[in-house]
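This report concerns only the one structure given below.
Just so you know, all these numbers are worked out from the coordinates, no wet-lab data involved. This one's a predicted model, so the numbers in the text were calculated from it and none came from an experiment. Note that each Cβ is placed from the backbone with ideal geometry, even for glycine, and that neighbours are counted across all protein chains shown.
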Amino acid sequence: MMRHAQEHGYAVPALNVVDDLSLRAVVAAARRLASPVIVQASVKTARAIGVDLLTRMFETASAAAGVPIALHLDHCPDEGLIREVVEAGWSSVLFDASSLDYDEAVTRTRRVVDYAHAHGVDVESEIENIVGVEDGVGSDSLVHSYSPERLVEAAEKTGADLLAPQLGTQHGQYTRRPRLLPERVHDIRRLTDRPIVLHGGTGLTGDQFRAFIEAGISKINVSTALKRSYMGSALESLREAEAGDVWDPPVLFRAIETSVEQTVGEHIAMFGAGGWAVDSASACSAGGRMQGRRR
Ligand SMILES: [Zn+2]
């Protein structure tokens, strides 16, 4: 999926789901817009639902999508949980080594990569910390930052497949205007062809996303925008239930799915990811092969 995005100048949306409603909304948007997508779960969500149930939910929901859909574990510093999802057949994991010093981060990432690759699973590597706290993981200040050369040296030592460097974005809602660093993507891409991931995709404009994609970003993570869409639509639906004194849960479910599906669709459009006539897509947890051409 990453290679296809690199070759065709778009970014694959990586969308954090929290339950079956948000999962179905992501798959519905991917299907409607003919876009490959990555379904992501935070460590918190994976633990809340359980790896087995989440894996089965994904397999069932994605089976008829008609586009490649991958299942990815977001920001995980816990090698035990990584082993669990690798064994369950997930497509990829983000090993979060951003709280560790350089040498320790390289050693531990290398161990995760060796294990994951032996099972055909890709690894996204983060050794610089991205500002902001997401589902209880992260920090509000920059602790580890390296030169593009040092980042690529680490990637070569660890064998990581995707890189998540600091790019001026932050997790959660922006508390101040970010200083975005698309030129850093350019600098890293000059040294490696490993796909680069943009975290903290909530709150950027279409132009800002385009600048990042032109600089060489091929995966963009979106979590907070989907949570806001989910909770905002739920609140509105519950207020209507209260006003009319009609308490019908499927009405709430539909409101949430419709809202999240629309938010996902807006991001697919901003990332230029839709409109593929897919020749062969096996939407399985091992990741489909993307061989599409523009419709
Ligand atoms: Zn992130």
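What to note about this one:
- Note: relative contact order over the chain, using C-alpha pairs below 8 Å and six or more positions apart, is 26 percent.
- Using the empirical formula 2.2 N^0.38 Å as the baseline, the Cα radius of gyration of segment 224-272 reaches a ratio of 1.28.
- Volume per residue for segment 85-155 equals 91 cubic angstrom (convex hull of Cα atoms).
- Both radii come from the Cα set of segment 1-72: Rg as radius of gyration, Rh as Kirkwood radius; their ratio Rg/Rh reads 0.98.
- Counting every C-alpha pair in the chain, the share spaced more than 23 angstrom apart comes to 53%.
- Working from Cα pairs under 8 Å separated by at least six residues, relative contact order for segment 110-214 is 27 percent.
- Computed P(r) (all Cα pairs; segment 142-236; 10 Å bins; percent): 15, 44, 29, 10, 3, 0
- Taking amide hydrogens as placed 1.01 Å from N in the peptide plane, the amide H of V131 sits under 5 Å from those of H171, each at least 5 positions away in sequence or on another chain.
- The relative contact order of segment 1-79 comes to 34 percent, based on Cα pairs under 8 Å that sit 6 or more residues apart.
- Just so you know, the Cα atoms of segment 66-201 work out to an Rg and Dmax of 14.5, 43 Å.
- Eigenvalues of the alpha-carbon gyration tensor of segment 193-236, scaled by 5 and square-rooted, set the equivalent ellipsoid semi-axes at 26, 11, 5 angstrom, largest first.
- Residue among A97, A154, A64 with the largest mean-square fluctuation in a Gaussian network model of the chain, springs linking Cα atoms under 10 Å: A64
- Distant alpha-carbon pairs in segment 1-144 (separation over 21 angstrom), percent: 46
- For F253, F209, F95, order by how many other beta-carbon atoms lie within 10 Å, fewest first: F253, F209, F95
- Ranked list, fewest to most other Cβ atoms within 10 Å of each Cβ, for L162, L94: L162, L94
- Comparing Cα centroids, segment 64-140 and segment 154-231 end up 16 angstrom apart.
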